[in-house]
Amino acid sequence: RWSPVRRVVPAVPSGVGGPGGTLYCFSLIVPTSYEPSMLAWQYHHTASIFACDGFGVYSNTKITIADGIESVIVDSDLKCEYGGDSGTALNAWIFIAVWKAVIDDGVYKNFDWVIKCDADAVFFPDRLGLLLASHPKKGYINNCKYGMHGPIEVLSSDAVNILALDYAKSWDGKAPKECVSKMDFGLWGEDMFLDQCLSKVLGVKPRPLMSELMCEAHCDCPAWYWCNNGTNLVSYHPFKSPEAFAVCMGNALKGLPGTNDEVFPSEDIPEPIIADAPAKPEEEETEEPEAEETERTSASADEESEAVDDGECHDVVSEGGFPKHGHHTCSKAVKWAKEHGAFEHPEWYKPVKLTSKSAYAAFQQFLFDEGKSKCPMPCTEVKVKKAQEEEQEAEEEEGVVDDSASTAPAPAPASRTADTSAEKAPPFGPRAQTFYMYRAQSAASYPLENINTADLAGVMWYLHHEVVPNTPRKYHIDRIKRFKVTVKNTWEFFNTHKRQFGAFMAYDAGRCTTPICNKVYKQYGFIVGCQVCDVKVAKYLAKTQTNWNCEKGSDLCRAPLWYSLPGPCPKMGMTNEEINPNSVDLDVNKAKSPECTERMPGGHCDAASGAPDCTYSYEEAGEIMLDDLVGIGNYNNFWNVSYTTCANKVARGDLPEDTECVHQKEYDERSDKGVGTDFWNGIHDADKCTERMDKVRHLFKSKFQDFELSLPEPACEFDMYYNGEFDWKKNHTGAEPSDYWDNQM
């Protein structure tokens, strides 16, 4: 993504080779928003990030801005809640994924500075280069007296390298470990997260405030809308259509050497190609915003309170588009309606046949008729009506048809059709994942609730390490039961951790014995958890990668897994003194109260949906006996009677006198062998462990042919619980409403 040769509008100054060092600039774009078109316009005019020494475009799907200019995939759905005093996007997790993609991409390392720029920020890299000339290439630069704001973020490559080291500390590299674990950022925007992460946690100090970096209303720059209050301002924000963007850029460049008033002619720029773009949801009807609601500027009190006598007419905007003295509120609204509203919300103006080509006075007449923004009656009312009639006649002559009767979009030209095989990000959010779980147990039968299970490697790890070294087998375990389980954890959990599995919770006799389990289930619902087993204990390895907290290619990447399945009232149950693990009639639910069972129902349901009380469903998929697997005809005879039988045969002369009778045993840890069987020989031999697992699979297949031999196994990618997270506000974004949150105890 180095800047290729392409058509350049000479009026846009280039930021390439500036005195402040080389600039790598990037934008994140949401595929279903106005942003792809914004980036396409900017690219074709070599504006904003495309005027930097290098640039990048990031999104959660493949977007082709122009030939050879494609987005880098980000592992995020780019969705978040809004909150705070100003309705800010609480998008810290989105940009944690974005910075991960920037770091993995690695292009930034070739440059001195890294600039994240919003698509709706009018950005002049050449001006930034001049400001950076006096700064050492260290740290990052604060752009607002209230703290760093997100429209434009300027970091040295050195600062990004330090951030990258914190990502590398996390077990899967997907988040900056120290920053995530040491900050309570559930209600933060990405700018505050990045600012605090760098300065408070990683020790990267911000450079002195540079107020020239950004002009926006939220940082007390009331002239941002006009874009004509200085030739040293680096950016103006926000302008959410190419036309509004062009007007701002034209105003900012007006009068400068080598520019002219009409530097951005209207042209037919090819639309970006978005791979597998989802259908855009229908927007709710909204009223046209009052000028105060658009946050276009901070007007003085005397201007805001200015009144107009009944019947008095005033033209608040000149024919050249400049506001006249007085009527500040109305002039703002008129300019916004023509230069922004007509492009962003044409449906508001279609009933009165107003378009972006209509006169300013026509928009003033509209606002006056609607009684909005304190707009007086325009003095050119008669001229306005005549202009509207002439405009309508011109449209009819040109064959322009009112499309209000049809909402079907025109088919895209063949050359712009998206490639259906294009690269796209993996499904984002909680996924319904179906796979086999196994459990080693006795003849006791009970539902798969408040219980621990394992994958095949995990159950063999458990049997080999904890069960068969005992004679008789521990807990009278004599079989492996298999379950076909579908897991879909909650959005509440995913919104915080961006993981498919929670942490493993230990269960004993139907009671969760992990101290934090109640906090977890209250905060996130009854999520299914997992953990990896130590491959140094036994070399049972999965077929595919099950663990991301590992060195690439190591055995730990295919470690055995254990799971936890929360059932009703998981914290109540039998005490350790009451538990008799050898009893097949043990009632593990007798200590659970009816109220607790009702209000804390667990995650088992008929079809896993991701609701807090519906995180997993299952069907039984058969069982095999250990005796059949190992090749022991009768286990009692094998371990209990065999020695006596041998001794009696020696005494009767049926066996030679020098025959050594031994106590048979499935597996002896000291010799790493069995006595009377070799099935379990070699606990650290990966090949033998694999052979044993294959025998389990084929034994199941021979007995239960309707089930698959194996199923794809998801990875256990839980990271950690953060300081104070169980006190954070629950994030229900994407989740279905549930009574559980109000009824839990």
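Only a single item in (1) touching a Phe, Trp or Tyr at 6+ places or on another chain (Cβ under 7 Å); (2) acidic (Asp, Glu); (3) within 15 Å of residue 611 (Cβ to Cβ) is not met by residue 717, and it is number (3). Here residue 440 meets the list (1) part of a loop (DSSP other than H, G, I, E, B); (2) more than 29 Å from the chain's Cα centre (by Cα) almost entirely, failing just condition (1).
When the stretch 171-188 is filtered for residues that are of a type in the set (Asp, Glu) and under 17 Å from the mean Cα position of the chain (by Cα), only 172 remains.
Residues are listed down the side, and each one gets a yes or a no for (1) more than 30 Å from residue 743 (Cβ to Cβ); (2) among the hydroxyl-bearing types (Ser, Thr, Tyr); (3) touching a residue at least 24 places away in the same chain (Cβ under 8 Å); (4) surrounded by fewer than 23 Cβ atoms within 10 Å (Cβ to Cβ):
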residue: 463; (1), (2), (3), (4): yes, no, yes, no
residue: 475; (1), (2), (3), (4): yes, yes, yes, yes
residue: 480; (1), (2), (3), (4): yes, no, yes, no
residue: 486; (1), (2), (3), (4): no, yes, yes, yes
residue: 496; (1), (2), (3), (4): no, yes, yes, yes
residue: 506; (1), (2), (3), (4): no, no, yes, yes
residue: 510; (1), (2), (3), (4): no, no, yes, no
residue: 541; (1), (2), (3), (4): yes, no, yes, yes
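The numbered conditions (1) in contact (Cβ under 8 Å) with a residue 24 or more places away in the chain; (2) over 27 Å from the mean Cα position of the chain (by Cα) are all true for residue 725 except (2).
When the test is whether a residue is in a strand (DSSP E or B), within 26 Å of residue 244 (Cβ to Cβ), in the same structural domain as residue 183 (by TED's automatic domain parsing) and at pLDDT 90 or above, residue 55 passes it.
For the stretch 702-735, residues that are under 16 Å from residue 175 (Cβ atoms) and β-branched (Val, Ile, Thr) total 0.
Counted as qualifying within the stretch 331-415 are the helices (runs of 4 or more DSSP H) with 1 or more residues that are at pLDDT 65 or above, namely 346-349, 360-370.
Residue count for the stretch 648-687 satisfying the condition of being farther than 15 Å from residue 627 by Cα, out of contact with any Lys or Arg (no Cβ under 8 Å at 6 or more places or on another chain) and without any contact (Cβ under 8 Å) to a residue 12 or more places away in the chain: 15.
In the stretch 599-609, the count of residues that are without any contact (Cβ under 8 Å) to a residue 60 or more places away in the chain, of a type outside the set (S, T, N, Q) and in the same structural domain as residue 466 (by TED's automatic domain parsing) is one or more. Taking the stretch 86-132 as the range and being in contact with a Lys or Arg (Cβ under 7 Å, 6 or more places away or on another chain), surrounded by fewer than 20 Cβ atoms within 10 Å (Cβ to Cβ) and not in a loop (DSSP other than H, G, I, E, B) as the test, only 107 passes. Given the criteria closer than 30 Å to residue 732 by Cβ and assigned to a loop (DSSP other than H, G, I, E, B), does residue 489 qualify? Yes, satisfied. When residue 516 is tested against (1) in contact with a strand residue (DSSP E or B) (Cβ under 9 Å, 6 or more places away or on another chain); (2) buried (at least 17 other Cβ atoms within 10 Å of the Cβ); (3) of a type outside the set (Asp, Glu); (4) in contact (Cβ under 8 Å) with a residue 60 or more places away in the chain, only condition (2) is not met. In the stretch 511-531, what count of residues is obtained for those that are within 15 Å of residue 497 (Cβ to Cβ) and of a type in the set (Val, Ile, Thr)? Number of matching residues: 4.
Look through the stretch 178-216, keep the residues that are assigned to a helix (DSSP H, G or I) and of a type in the set (D, E, K, R), and return whichever of them is surrounded by the fewest Cβ atoms within 10 Å (Cβ to Cβ). Checking each candidate, the answer is 200. On the basis of being in the same structural domain as residue 226 (by TED's automatic domain parsing) and in a loop (DSSP other than H, G, I, E, B), does residue 79 make the cut? Judged against the criteria, residue 79 is a match. Among the residues of the stretch 652-666, is there at least one that is within 55 Å of the chain's Cα centre (by Cα), assigned to a strand (DSSP E or B) and surrounded by 14 or more Cβ atoms within 10 Å (Cβ to Cβ)? Yes, some residue in the stretch 652-666 is within 55 Å of the chain's Cα centre (by Cα), assigned to a strand (DSSP E or B) and surrounded by 14 or more Cβ atoms within 10 Å (Cβ to Cβ).
Considering only residues in the stretch 245-256 that are more than 15 Å from residue 36 (Cα to Cα) and hydrophobic (A, V, I, L, M, F, W, C), the one that is surrounded by the most Cβ atoms within 10 Å (Cβ to Cβ) turns out to be 249. On inspection, residue 623 qualifies as assigned by TED's automatic domain parsing to the domain that holds residue 568 and either assigned to a loop (DSSP other than H, G, I, E, B) or under 24 Å from residue 433 (Cα atoms) (or both). For residue 155, the test of being in contact (Cβ under 8 Å) with a residue 12 or more places away in the chain, of a type outside the set (Lys, Arg) and touching a Gly at 6+ places or on another chain (Cβ under 7 Å) is failed.
Here residue 158 passes the criteria (1) out of contact with any Lys or Arg (no Cβ under 7 Å at 6 or more places or on another chain); (2) in a helix (DSSP H, G or I) except the one numbered (1). I'd like to know if the stretch 133-151 contains one or more residues that are touching a residue at least 60 places away in the same chain (Cβ under 8 Å), in contact with a Phe, Trp or Tyr (Cβ under 7 Å, 6 or more places away or on another chain), buried (at least 23 other Cβ atoms within 10 Å of the Cβ) and outside the structural domain of residue 491 (by TED's automatic domain parsing). Checked against the condition, which is being touching a residue at least 60 places away in the same chain (Cβ under 8 Å), in contact with a Phe, Trp or Tyr (Cβ under 7 Å, 6 or more places away or on another chain), buried (at least 23 other Cβ atoms within 10 Å of the Cβ) and outside the structural domain of residue 491 (by TED's automatic domain parsing), the stretch 133-151 yields no hits at all. Right, residue 482: in a loop (DSSP other than H, G, I, E, B) and closer than 22 Å to residue 608 by Cβ or not? No.
The values are calculated or read from the model by the stated rules, or taken from the named source; none is laboratory data. Remember, it's a predicted structure, so these values are computed and weren't measured experimentally. Here Cβ is always computed from backbone atoms with ideal geometry, including for glycine, and neighbour counts include all displayed protein chains.
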